Amino acid sequence: MDFKSIIRNIPDFPQQGIIFRDITPLLAHPQGLTSIIQGFQTKFAELNIGKIDAIIGIESRGFILGAPLAMALNCGFVPVRKPKKLPSAVFRVEYALEYGTDSLEIHQDAIAEGQRVIIIDDVIATGGTAAATAKLVQQTGAELVGYGFLIELDFLAGRNALPTVPIVSLVNY
Ligand code: AMP
C-alpha cells in the first residue's frame, strides 16, 4: 500500500510553516490499519529484537496504532497520557516544547522491571515526545527495545534525540 498517496498534507496547520501529516484518510481506508500493522510486524521481525511484553502508546494517535499492534504481537498495551488523565499512581516527565513545557504520565505499575517494551507513535518530528516517553519507561525499570513510527520527518533528525535502540518508520519525509 502506498501510504504517502493516502496521507493528507495540510500546509500551515496548526501553525504557519508546518506541513501537518494527516493520517485520518489512511485510518479510514479499509486496508489502512491492517497495512500499517503488517508493516510494523515485518520490520520488527527483520530486526530480530525478540519477545515483546508491551507496546507503549503515546496519546493519542499512538493509541490508535499501538493497540492493534499489541494484538498482533500478543502482548500488552500501556498508554502514556497527558497529565491528570491516569487515575492511579504515576511517574511523570516534563519536556521542552518550542514555547514552554509539556508533561506525560504513565501508571507506575503498568509495566514491571525487566519487561521488554516498544514505544509507538504516529509521527516523530523533533523526537522530544518520544525521548520523554523513554524516560518514563526508564522510571518503571522496563527495558526499551525499540521505537515504531508510522511517519518520520527526516529533516528534523528526531532520531538523534532518542536512546540508541532500533527505530522503525514506515514513511519518511
Ligand atoms: P516531536 O516531539 O517534535 O517529535 O513531535 C511529535 C508529536 O507531534 C507526535 O505525537 C505527532 O503526532 C505530532 N507532530 C509533530 N509534527 C507533526 C506533523 N508535521 N504532522 C503531524 N503530526 C505532527
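The values are calculated or read from the model by the stated rules, or taken from the named source; none is laboratory data. Treat the numbers as computed from the prediction; the structure is a model and nothing was measured. Every residue, glycine as well, gets a Cβ built from its backbone with ideal geometry; the counts of neighbours run over all protein chains shown. Accessible surface areas use protein heavy atoms only, side chains included; no ligands, DNA or RNA. Shrake-Rupley method; radii C 1.70, N 1.55, O 1.52, S 1.80 Å.
Here are the numbers for the structure shown:
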item	result
Long-range neighbours under 9 Å by Cβ, at least six apart or interchain, first residue open to solvent by less than 60 Å² (accessible area, probe 1.4 Å) within the range 74-91, second of a type in the set (Lys, Arg) and in a loop (DSSP other than H, G, I, E, B)	75/51; 79/85
Filter result (farther than 19 Å from residue 165 by Cα and either of a type in the set (Asp, Glu) or away from the ligand (no atom under 16 Å from the Cβ) (or both)) within the range 35-66	35, 37, 38, 59
Residue within the range 109-121 that is among the small types (Gly, Ala, Ser) and within 28 Å of residue 29 (Cβ to Cβ) present	no
Where a residue in the range 101-123 is free of Cβ contacts under 8 Å to residues at least 24 places away in the same chain and its partner, wherever it lies, is among the basic types (Lys, Arg) and more than 15 Å from the ligand (Cβ to nearest atom), with Cβ under 8 Å and at least six apart	103/92
Qualifying position, being crowded, with 21+ Cβ neighbours inside 10 Å and either within 13 Å of the ligand (Cβ to nearest atom) or farther than 21 Å from residue 41 by Cβ (or both), among 164, 101, 129	129
Residue within the range 20-34 that is among the basic types (Lys, Arg) and within 13 Å of the ligand (Cβ to nearest atom) present	yes
Complete set of residues in the range 42-73 that are among the aromatic types (Phe, Trp, Tyr) and either touching a Pro at 6+ places or on another chain (Cβ under 7 Å) or surrounded by fewer than 18 Cβ atoms within 10 Å (Cβ to Cβ) (or both)	63
Of all residues making up the range 2-13, the number that are part of a loop (DSSP other than H, G, I, E, B) and either open to solvent by less than 40 Å² (accessible area, probe 1.4 Å) or within 18 Å of residue 125 (Cβ to Cβ) (or both)	3
Filtered residue count, the range 104-126, keeping only those that are polar (S, T, N, Q) and more than 10 Å from the ligand (Cβ to nearest atom)	2
Hits in the range 99-126 (condition: in contact with a strand residue (DSSP E or B) (Cβ under 8 Å, 6 or more places away or on another chain), among the small types (Gly, Ala, Ser) and within 22 Å of residue 156 (Cβ to Cβ))	103
